[in-house]
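The values are calculated or read from the model by the stated rules, or taken from the named source; none is laboratory data. Computed from a prediction, not measured in an experiment: that's the story for all the values here. Because the Cβ atoms are built from the backbone with ideal geometry, glycine has one as well, and the counts that use them run over all protein chains shown. Heavy atoms of the whole protein, side chains included, go into the accessibility calculation; ligands, DNA and RNA do not. Shrake-Rupley method; radii C 1.70, N 1.55, O 1.52, S 1.80 Å.
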Amino acid sequence: MQGKMKTYKNARGPAQSKHRSPKNESVLKWPYKMIKLQVKVISWPLIILTAFLRVLQIESINTNILELAAFEDFLRSEHLSHVLVVRGDDADGDWKIECHQKLLANYRVQFYRPEMSANFEDLMFYGSPRTAVLVLNSEHVLVRRQVFGVASEAGFFNNSLAWFILGSGRESLPDEQMIDQLLSGYRMGIDADITVALRGPDNASMLFYDVYRISQQTNTPLIIEKKGLWTHSGGYQKFENFKNTWVIRRRNFLNVTLIGSTVLTEKPPGFGDMEYLADDKQLQQLDPMQRKTYQLFQLVERMFNLSLAISLTDKWGELLENGSWSGVMGQVTSREADFAVCPIRFVLDRQAYVQYSAVLHTQNIHFLFRHPRRSHIRNIFFEPLSNQVWWCVLALVTGSTILLLFHMRLERMLSHMENRLSFVWFTMLETYLQQGPANEIFRLFSTRLLISLSCIFSFMLMQFYGAFIVGSLLSESARSIVNLQALYESNLAIGMENISYNFQIFTNTSNQLVKDVYGKKICKSGEHNIISLQQGAERIIQGRFAFHTAIDRMYRLLLELEMDEAEFCDLQEVMFNLPYDSGSVMPKGSPWREHLAHALLHFRASGLLQYNDKKWMVRRPDCSLFKTSQAEVDLEHFAPALFALALAMVASALVFLLELFLHWLPDFRRRLGTMST
């Protein structure tokens, strides 16, 4: 919205609400009764004075009352309460102003005359209420020059002002042709809200016309459509097609050509610009945001029957020292382009120069890395139980073995049981291995109770042990690096993509942790961590490296590089910034803003926006199924058990050799003695 009323110093009467309920419609009919009463009261004295004064003034008053009654119906239908009356000349100005003030007593009214010292443009300012502009004498030379001419240059022929232009039809000239002669030389666009009211030959009815132009260029023809009919008895009656909003009524752009600006930075050789931009199947990791949103603007083309001419640049847009912008922002602010067909992030620095559309694209930008696995190698069969548990088990086995020795002493007194320590040890070992000795060996109840309880304990220990082994294999291992603080404290190298918004994220912040990550990790001396997307993907595959970039682009590139599925399932995201919303940008006061907003909201409501997002979404492997299929003990974890068995076999062989030597030693000594004698 550009032009609005700047002041209401001459306003008369209380402000009236823009929205009136049907209950009050009957109350609103009282001005017509008052108008008739005023006509009678004013008419009788004037009829008496016609012999002495001007007879034409009565006709002028009656005509003026009918015009204002039609205008008041127009205000009520448009829900307006602020009025600017443009007077063409000052003849009989006092009684006309008095008449206007009485008939429009329920509205905030201001008067403007071209002969006034104030300019018409000075009455408008950004952000004021929507105002109706009543033009009483549209053919007056000063009105055309100082009102229509100024409004054309300043861009006031838009829906921020509801123009109501009065005129009279001519028998020798069709209404459409007369309106075209009156307004064809002025700049107006598809958002123009201009109503031309032409009196009929009987001066008792008026025909309303809607006037606009598809493009603001004056060489494009005016579109003039009959809008409604006003009669003194029936009031204002809109035609059926004008009961919809003006955005829906004006959806046919008659194949007008609009210029859209976009940026391409990664286009490979061998592709044409438009061929590459329109392709949604190949190389989706290159310029995905621009190509994705261009698919939506192709739908906008078909929706509004327009043609898009694409203007390409290699930059999104930066504010230069001279106050101008480069790239897409530069083309839009200089009006070389009508809007951007690529998403532009919502930032405060740009808001003063352009206006944004609804959300067009949402971008996730996080750290991505392969989460390191446990670095220490430990026998997996010791993993389920802690060291304290194993020490307790060892103490319990030792204690039960010593206790069994005392039982064996008593057992030996009752029977001829073997009392060697080896027998005690192997008996207890059989117990804990759930093999158990023969029942007839032990006769004491206490001995049998000790062995039975030891067997039960062993059974419970093995059940818990096996359950923990299986559960640890099937469950996903816990990840410790899940936030920025943990990532900063880890020994991973940290980098970021060499792109402008990354520098803004890490430098334009008050978060000390983010500053430390940038200053002490990313910009660490002796390391090159600000790299391209391709280099970042290669270092992620190598491991021990976290990279800050757009997540969907990186996932797609990793799949293109044929990253192993196990490595892909090791990927971990760390988010410290919310996803970025972005939209198209247009120049301030763009006539296309309402249509573009309508199109994007329609795409969202109909699911086309979500469908387009899904087409460009990365299809990732199902890591839950992968981890289930990989639930097995690998050689790395089973190697300690094999090593322990091999060590036991070697120890047994060495002991066997030692025993063999001890067995052979007496005989060897005897032979030596025989030889010496």
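Laid out as a table, the results:
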| item | result |
| --- | --- |
| Accessible carbon and sulfur surface of segment 198-333 relative to its total accessible area, %, 1.4 Å | 49 |
| Accessible surface, per residue, of segment 247-324 when the full set of protein chains is kept, probe 1.4 Å, Å² | 49 |
| For segment 163-173, Karplus couplings with θ = phi - 60° (6.51, -1.76, 1.60), whole Hz, Gly/Pro x | 7, 10, 9, 8, x, 10, x, 10, 5, 7, 9 |
| Hydrodynamic radius of segment 231-338 per Kirkwood, over alpha carbon pairs, in Å | 16.8 |
| Highest to lowest packing among 668-674, 69-75, 532-538, 302-308, scored as the average C-beta count within 10 Å | 69-75, 532-538, 302-308, 668-674 |
| Residues residue 176 and residue 125, FRET efficiency given R0 of 35 Å [Cβ-Cβ distance, rounded to 0.05] | 0.55 |
| Spatial separation of Cα centroids for segment 576-593 and segment 272-313, in angstrom | 17 |
| Table column - 3J(HN,Hα) (Hz), segment 288-295, Karplus curve with 6.51, -1.76, 1.60, x for Gly and Pro | x, 5, 5, 6, 5, 6, 5, 4 |
| Extension gain (nm, one decimal) between residue 508 and residue 655, 0.36 nm per residue minus Cα-Cα | 45.7 nm |
| Accessible surface of segment 553-629, 1.4 Å probe, proportion on carbon and sulfur as whole % | 54 |
